[in-house]
Amino acid sequence: GLVRIAVPILTWRDLLAGPLGIDVAFGDGFVDVRSIAFTDASGAAVWVGGKIKNLDGVPTAESLQFDMKVSDVARFARATRTDIAAPLRAMAPWSMTGAINGSLLDATVALEGKLGPVDANARGKASVADRRLKLDLALDLSHPNANQVRDLAWPGLKFKTKLDGSMTVAAKLKLDGAKLAVNDIAATIGRYGLRGQMDVDQSTQPRSVS
């Protein structure tokens, strides 16, 4: 079967999106997503396309791709009820393209994007079980001018020290439900280097960060 839907405005909780276009085809145990597109979903434009098979068992993505651009990060954060740090908000616009292949229990993920002028890439594994998302990704961020990144992320501050050189960040990111671990952090900002790790547990109140 074939389904084509055009919706001018869609609202859900704090999310306001539209127009929405859906073009999908259904077959025996699969859905071919030709296009699902939001022109503006509370500050973000989103497109999804690809095939999902084995709907009567463990859903499996086959070249499931998406494009996303967030032009209004503050509005997007409010709508999704996401706490986004001020430096990241200042790095708008965000853009990302991604590809997902594999089953809901064991999928490979490849992401490429930009946080403002900063190149961002991530590759690894993703799964969903018992309504809990798990991620195991290698993350890389880079920009040739460390000064530009610093001034963009903290526009209200004046720095006396000039950062000569580039900015690079590499880390291993592991998410298990509400628990996030960022390990093997290796960052270079100009002539300065940083190594470390960070753990965040959002299941506790207040949120635990170490």
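The values are calculated or read from the model by the stated rules, or taken from the named source; none is laboratory data. Because the structure is a prediction, the values reported are computed rather than measured. Here Cβ is always computed from backbone atoms with ideal geometry, including for glycine, and neighbour counts include all displayed protein chains. For the accessible areas, the whole protein counts, side chains as well, though only heavy atoms, and no ligand, DNA or RNA atoms are used. Shrake-Rupley method; radii C 1.70, N 1.55, O 1.52, S 1.80 Å.
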- Item | Residues being surrounded by 17 or more Cβ atoms within 10 Å (Cβ to Cβ) and either touching a residue at least 60 places away in the same chain (Cβ under 8 Å) or not aliphatic (A, V, I, L, M) (or both) - total across segment 52-68 | 4
- Message: Looking at segment 180-195, I want the residues that are of a type outside the set (A, V, I, L, M, F, W, C) and have a partner that is part of a loop (DSSP other than H, G, I, E, B) and modelled with pLDDT under 90 with Cβ atoms under 7 Å, at least 6 apart or on another chain. Which pairs are those?
- Response: G190/L163; G190/D164; G190/G165; R191/D164; R191/G165
- Item | Yes/no for A181 being under 22 Å from the mean Cα position of the chain (by Cα), at pLDDT 90 or above, among the hydrophobic types (A, V, I, L, M, F, W, C) and over 19 Å from A86 (Cβ atoms) | yes
- Message: Restricting to segment 192-203, give me the number of residues that are exposed (fewer than 11 other Cβ atoms within 10 Å of the Cβ) and not in a strand (DSSP E or B).
- Response: 1
- Can you find even one residue in segment 154-164 that is touching a helix residue (DSSP H, G or I) at 6+ places or on another chain (Cβ under 7 Å), in contact (Cβ under 8 Å) with a residue 12 or more places away in the chain, open to solvent by 70 Å² or more (accessible area, probe 1.4 Å) and more than 20 Å from V109 (Cβ to Cβ)? yes
- Task: Taking the residues in segment 174-188 that are open to solvent by less than 40 Å² (accessible area, probe 1.4 Å) and in a strand (DSSP E or B) as candidates, determine which candidate is nearest to V200 (Cα to Cα).
- Result: A181
